[in-house]
Amino acid sequence: MTTIDVTNQHDVPQIIDEAVSSEIVKKINNNNLTNVFKTTPPSEAYAVGWRQLISQFQKQKIGYFPYQKKRIALIGEDTSYGLSIMDLMKGELKKIGWNVISEDEVGLDETDFTSLLARIKENNPDIVWGVQTSSSGAGNLAKQFAGAGFENTHFFHNYGLTIEQARQTAGNAANGAITLLNAGRVDKLLKQQGALQAWNEKHDAQMTGSAALSYQNIKLIAEYARSFDDLETFRSASNDQWAKHVLNHDPVEGGSGYIKFQQNHQAAWGSPKTQSALGYQIINGNLNFVWPPELAAKQIDGSVY
């Protein structure tokens with residue numbers, strides 16, 4: 001939030017590749033910071049992603065789906081991140097006829113959810129959904145859900161279970177759980193660009209989601225710089241000239257999706273042809289990228305349900 005003021009003041013082009021908050025886009029627009037563009041989808045993308053995923057699971061009869069009464073229990077970490085996403089979920093679920101039967105806030109450091117899950121189980125939900133950033137909280141919630149005796153109930157979790165430490169805490173109790181990440185590595189697109197092959201030739205470690213986004217950031221700036229007649233024209237361009245080149249550019253194939261900036265300087269999001277929230281099924285402690293199917297690396301394993 002502070003940096004974008006400084007880059008604007010000095011006419012320095014800026015692409016932001018990982019920050020989520022919609023407050024950044026609001027500030028860009030309120031202060032007419034024409035030099036700044038934000039690629040990562042806002043927090044709303046999580047709620048929209050869950051609506052799309054749940055609708056698809058219901059339609060395709062995945063796991064224990066379809067459900068008749070469509071009952072979902074929400075659990076939100078009591079942070080601005082957790083509570084805002086849980087609140088956004090309610091509106092998206094209403095659009096597809098799902099009934100929120102309970103909403104519970106849990107502490108950032110909380111690790112014992114047994115009594116909460118017992119109370120939720122009495123209402124016989126079809127889905128128990130949580131949002132947490134704490135790895136210990138997310139891991140213990142998944143582990144205790146598996147031991148609570150739910151039948152034909154799906155466990156969905158926003159973000160927290162993408163953390164390796166959380167999955168280690170949960171162990172095999174997390175098998176079959178679905179977790180969503182706002183923006184991350186999409187192998188199909190990275191392979192098309194030759195980026196994944198180049199990474200593997202140079203590094204022993206796997207390309208992380210952050211590395212994929214950083215690669216995307218560099219590629220975007222290079223693509224937009226090339227849209228000028230020459231390097232000197234790019235260097236001497238005003239903020240308004242830079243903005244015009246970015247906004248008029250064709251969609252760019254990135255590491256997390258296709259990037260096309262809207263007039264509000266936020267990259268379009270919400271579909272596989274823009275940037276989609278990415279869904280992973282946890283199997284034996286690993287994240288299997290399974291949703292959306294147009295981009296997925298693996299199919300959903302139904303044997304765990």
Checklist entry - For residues in the range 67-85 being in a helix (DSSP H, G or I) and open to solvent by less than 20 Å² (accessible area, probe 1.4 Å), which is farthest from Ala138 (Cα to Cα)? => result Ile85
Item to check | Contacts under 8 angstrom Cβ, first residue in the range 2-31 being among the basic types (Lys, Arg), partner surrounded by 13 or more Cβ atoms within 10 Å (Cβ to Cβ), 6 or more apart | outcome: Lys27/Ile4; Lys27/Leu33
Next on the checklist: If I ask for residues that are of a type in the set (Val, Ile, Thr), surrounded by fewer than 16 Cβ atoms within 10 Å (Cβ to Cβ) and more than 8 Å from Asn35 (Cα to Cα), which ones from the range 3-22 would you list?
Outcome noted: Thr3, Val6
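Which of the residues that make up the range 126-145 are part of a helix (DSSP H, G or I) and aromatic (Phe, Trp, Tyr)?
Here is the first cut: in the range 126-145, the residues part of a helix (DSSP H, G or I) are 135-145.
Matches in the range 126-145: Phe145 only.
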Checklist entry - Any idea which residue in the range 86-103 is surrounded by the fewest Cβ atoms within 10 Å (Cβ to Cβ), counting only those that are outside any helix (DSSP H, G or I) and not acidic (Asp, Glu)? => result Gly97
Checklist entry - Taking Ala148 and the conditions (1) more than 20 Å from Phe289 (Cβ to Cβ); (2) assigned to a helix (DSSP H, G or I), which numbered condition does it fall short on, given that it satisfies the others? => result (2)
Item to check | Residues of the range 247-282 satisfying the condition of being open to solvent by 20 Å² or more (accessible area, probe 1.4 Å), more than 25 Å from Asn8 (Cα to Cα) and not small (Gly, Ala, Ser) | outcome: Glu253, Tyr258, Pro272, Lys273, Thr274, Tyr280
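Would you point out which residue out of Thr179, Thr233, Thr208, Thr169 is in contact with a Leu (Cβ under 6 Å, 6 or more places away or on another chain) and either open to solvent by 20 Å² or more (accessible area, probe 1.4 Å) or touching a residue at least 24 places away in the same chain (Cβ under 8 Å) (or both)?
Thr179
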Next on the checklist: Could you tell me how many of the residues in the range 14-66 are within 23 Å of Gln216 (Cβ to Cβ), small (Gly, Ala, Ser), in contact with a helix residue (DSSP H, G or I) (Cβ under 8 Å, 6 or more places away or on another chain) and part of a loop (DSSP other than H, G, I, E, B)?
Outcome noted: 1
Checklist entry - Of all the residues that make up the range 35-47, how many are open to solvent by 20 Å² or more (accessible area, probe 1.4 Å) and either of a type in the set (A, V, I, L, M) or farther than 25 Å from Leu83 by Cα (or both)? => result 0
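The values are calculated or read from the model by the stated rules, or taken from the named source; none is laboratory data. Small disclaimer: the values here were computed from a predicted structure and weren't measured. We place every Cβ from the backbone using ideal geometry, glycine too, and count neighbours over all the protein chains shown. SASA here: full protein model, heavy atoms, side chains in, ligands and nucleic acids out. Shrake-Rupley method; radii C 1.70, N 1.55, O 1.52, S 1.80 Å.
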